[in-house]
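What follows is a set of notes on a single structure, which appears directly below.
The values are calculated or read from the model by the stated rules, or taken from the named source; none is laboratory data. Treat the numbers as computed from the prediction; the structure is a model and nothing was measured. Glycine also receives a Cβ, built like all others from the backbone with ideal geometry; neighbour counts cover every protein chain displayed. With ligands, DNA and RNA removed, areas are computed over all heavy atoms of the protein, side chains included. Shrake-Rupley method; radii C 1.70, N 1.55, O 1.52, S 1.80 Å.
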Amino acid sequence: MSKSPASVRQMARALREHPSIRGKLDIAQSTATLGLTATSEGQPGDDCAVLPTADGYDLFACEGFINAFVQADPWFAGWCGVMVNISDILSMGGRPRCVTNAIWAPNAEQAQPVLTGMKAAARAYGVPIVGGHTNLNTGELQLAVSILGHAKQVISSFSARPGDVLICAIDLNGNYREPFDNWNAALTTAPGTLRKNMEILPNLAEAGLVRSGKDISQGGIVGTALMLAEASGVGINIQLEGLPQPQGVDMARWLRSFPSFGFLLSVAAENAEAVCKAFGDHGVCATACGDITEGSAVHLTGRDGAALFWDHARTPYLNLSSPEALHA
């Protein structure tokens, strides 16, 4: 990549204003109304609710889907309902147990491809659908999916420390599911491989090799880095040339893309090589692509310059971090 300092700044500015980044700001309004903070039960701000048990932690998560996406690509939306929830569980070092869904549709015929996509994904990943809610008398297709999982050791969003290495791990063996910024590597991967890849993060968590992390969600690499930085009360410097990136994909689009299997991890420097190797052994590209720093700024750095993407101290994002939960 060869971008002048001005173009890095322009890219950072465009990303700050992009709907997929700004959409996460809605979360702060809901949590404020509900009175939730990072110290509330379940630890809001992580990718799943964290519920301690006698033998570890139950993990609970839910994803709702943009109506335009569900209507434009209903089968894939159903597939994603299972897939993205599984990523939430994996990102916290857990193993998924089961999913439920809530679907609204004008009639059974229009609901069919959504449900068929969910069924196909559940079979591919080996995670059963155990129930849900159905309404076939509404104006348009809508979908929400919940998941339950369990972790022996949790990878939290609140544990990144200055001096850690930022690792980005993404399965690049796919393509965009146009016209959305969804990088789909799941449908080109054999079910057996999907299931093996589900063991990478739980194994790393149980080995104590990952300090903190999140799955790369709506908002892409930059939005996810910002959420991780804010939760942990740190800054992050993303080295653009260090990111795993598919051939021919524009950097600005890649930074806001939603990969089917992608994670940002904060790792002690001495563990970075082992973490990258664990993903690489499964055919997933993982690279050291930046640093966890003191402060509150997320910067983008290229060969020819750097730019501030967001300062969460000046402009809160999810606004859920609390002094008691930070690295200090």
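Which one is farthest from residue 58 (Cα to Cα), of the residues in the range 128-174 that are among the polar types (S, T, N, Q) and in contact (Cβ under 8 Å) with a residue 60 or more places away in the chain? Here the answer is 173. Within the span defined as the range 118-125, every residue fails to be closer than 25 Å to residue 45 by Cα and of a type in the set (A, V, I, L, M, F, W, C). Kindly evaluate residue 315 against the criterion of being of a type in the set (S, T, N, Q), open to solvent by 50 Å² or more (accessible area, probe 1.4 Å), at pLDDT 90 or above and under 24 Å from residue 18 (Cβ atoms). Against the criterion (of a type in the set (S, T, N, Q), open to solvent by 50 Å² or more (accessible area, probe 1.4 Å), at pLDDT 90 or above and under 24 Å from residue 18 (Cβ atoms)), residue 315 qualifies. The listed residues are 264, 318, and the only one of them that is in contact with a strand residue (DSSP E or B) (Cβ under 7 Å, 6 or more places away or on another chain) and closer than 25 Å to residue 45 by Cβ turns out to be 264. When the range 111-156 is filtered for residues that are polar (S, T, N, Q) and closer than 23 Å to residue 68 by Cα, the ones remaining, listed by number, are 112, 116, 134, 135, 137, 138, 142, 146. For the range 30-43, the criterion of being under 25 Å from residue 121 (Cα atoms) and either buried (at least 16 other Cβ atoms within 10 Å of the Cβ) or in contact with a strand residue (DSSP E or B) (Cβ under 7 Å, 6 or more places away or on another chain) (or both) is satisfied by no residue at all. Report yes if residue 93 is over 18 Å from residue 217 (Cβ atoms) and in contact with a Pro (Cβ under 8 Å, 6 or more places away or on another chain), otherwise no. Taking the combined requirement at face value, the residue does not satisfy it. Looking at the structure I just gave you, is residue 262 touching a residue at least 40 places away in the same chain (Cβ under 8 Å) and under 21 Å from residue 204 (Cβ atoms)? Yes. Determine if the range 289-303 includes at least one residue that is of a type in the set (D, E, K, R), farther than 20 Å from residue 19 by Cα and modelled with pLDDT under 95. Yes, the conditions are met somewhere in the range 289-303.
Is the range 297-308 home to any residue that is surrounded by 24 or more Cβ atoms within 10 Å (Cβ to Cβ) and touching a residue at least 12 places away in the same chain (Cβ under 8 Å)? Yes, there is a match, as at least one residue in the range 297-308 is surrounded by 24 or more Cβ atoms within 10 Å (Cβ to Cβ) and touching a residue at least 12 places away in the same chain (Cβ under 8 Å). Only one of the numbered conditions (1) farther than 23 Å from residue 213 by Cβ; (2) at pLDDT below 95 is violated by residue 120, and that is (2). When you look at residue 307, is it part of a strand (DSSP E or B), over 21 Å from residue 199 (Cα atoms) and more than 19 Å from the chain's Cα centre (by Cα), yes or no? Answer is yes for this residue. Checking the range 103-114 against the condition returns a match, with at least one residue being surrounded by fewer than 24 Cβ atoms within 10 Å (Cβ to Cβ), among the aromatic types (Phe, Trp, Tyr) and free of Cβ contacts under 8 Å to residues at least 60 places away in the same chain.
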